[in-house]
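So the structure is just underneath, and the comments pick up after that.
The values are calculated or read from the model by the stated rules, or taken from the named source; none is laboratory data. What you are looking at is a predicted structure, and each value in this text was computed from that prediction instead of being measured. With ideal geometry, Cβ positions are generated from the backbone for all residues, glycine too; neighbour counts draw on all protein chains shown. Just the protein is used for accessible areas: all its heavy atoms, side chains included, with ligands, DNA and RNA removed. Shrake-Rupley method; radii C 1.70, N 1.55, O 1.52, S 1.80 Å.
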Amino acid sequence: GRLLLWRKPVAALEESQRKLAFVFQSPTLMPWASVFDNVWLPLRLAGQSRGEAMASVRRAIASVGLAEFESAFPAELSGGMRMRASIARALVTQPRVLLMDEPFAALDEITRQRLNGDLLAWWQSAGLAVLFVTHSVFEAVFLSQRVLVMAARPGRVVAELAIAAPYPRPPGFRHTPAFFDACRQLGDALLQAH
C-alpha cells in the first residue's frame, strides 16, 4: 500500500509538513526522568537544548495541567497524570496530526471522562487532526465528528457514523437523546461488523 499525508506520499513532504505525534495506551514515560525531561525528549532528539526548549516544554506541561509537577518523576504521578505527561510530550512538537491508540483505556471512568473533555479542548485550541482508537462506544461518540467501525481479519472499515453534535461538548452531552441515539447506532454497527 501507500502512506499519504495531505494527499501526498509522505516521502515527498517537507519535514515541517510531517508533523505527526503519537500517544500510546501506556504512557511510555522514562521512569528515571522528570516530567520536564520526558516532555522535552522529542525536542531534545530534534537537537534542541534544554534552554531552547524550555518555553515550549513548560507551555505543553501547563496545557495539560501539570505545571506544578514538572520536577516529579512518573512513579510520583497518578495514572491520569502520567497520561497527561505523555500527551504533553506529543503536543510539545506542535503536531498537525495526533494519533492516539486507546490512551485512556486503563484509567478509571472519572479520569477518563475528564481527559475526554480535556482532549476536546486541546484539539480545538491547537487546531490539529486527531485519530483516536477506542473500544468504547461512549468515548467514540463523545469525542468524534466521525466514527469508523473496523472489522477484524482482514482489518477493514465496515461502517461510518457521523456525530452531528456541535462543539464544545459539555459532560451533559452524555445524557442527551442525541448521544444515546448515536451510541445505539454505533453499537448496532459493531454487532453487524462482528
Checklist entry - Roughly what % of DSSP beta bridges within the chain run antiparallel, to the nearest 5? => result 45
Checklist entry - What is the magnitude of the charge dipole of the range 62-182 about its Cα centre, with +1 placed on the Cβ of each Lys and Arg, -1 on the Cβ of each Asp and Glu, and no other charges, expressed in debye to the nearest 20? => result 320
Item to check | Computed accessible area, Leu107, all protein chains, 1.4 angstrom probe, square angstrom | outcome: 30
Checklist outcome for this item: If one compares the long axis through the Cα atoms of helix 177-193 with the longest principal axis of the Cα atoms of the chain, the angle in degrees, nearest 10, works out at 80
Checklist entry - What shape does the range 12-145 have by the C-alpha gyration tensor, where a ≥ b ≥ c are the square roots of the eigenvalues, rounded means a/c under 1.5, and otherwise prolate means a/b greater than b/c and oblate the rest? => result oblate
Checklist outcome for this item: Measuring from its Cα centre, the range 39-132 shows a charge dipole (+1 at each Lys and Arg Cβ, -1 at each Asp and Glu Cβ) which, in debye to the nearest 20, is 300
Checklist entry - Hey, if you drop one equal point scatterer on each alpha-carbon of the range 78-194 and run the Debye formula without solvent, what base-10 log of I(q)/I(0) do you get at q = 0.09, 0.12, 0.16 Å⁻¹? => result -0.25, -0.45, -0.80
Checklist entry - Which sequence of Arg153, Arg174, Arg96 reflects their accessible areas, 1.4 Å probe, from the largest down? => result Arg153, Arg96, Arg174
Checklist entry - Helix-derived [θ] at 222 nm for the chain: sum -39500 (n - 2.57) over DSSP H runs of at least 4, divide by residue count, nearest 500? => result -13000 deg cm²/dmol
Checklist entry - Who wins for biggest fluctuation among Val137, Val92, Val35 in a Gaussian network model of the chain, springs between alpha carbons below 10 Å? => result Val137
Checklist entry - Just Val23, Val130, Val158 to compare: in a GNM of the chain, with alpha carbon springs under 10 Å, which one fluctuates most? => result Val158
Checklist entry - What ratio of Cα Rg to 2.2 N^0.38 Å holds for the range 125-173? => result 1.28
Item to check | Under 14 Å, Cβ to Cβ, from Gly127 - net charge with Lys/Arg +1 and Asp/Glu -1 | outcome: +2
Checklist entry - Which angle between 0 and 90 degrees, to the nearest 10, do you get for helix 109-126 versus the longest principal axis of the chain when only C-alpha atoms count? => result 70
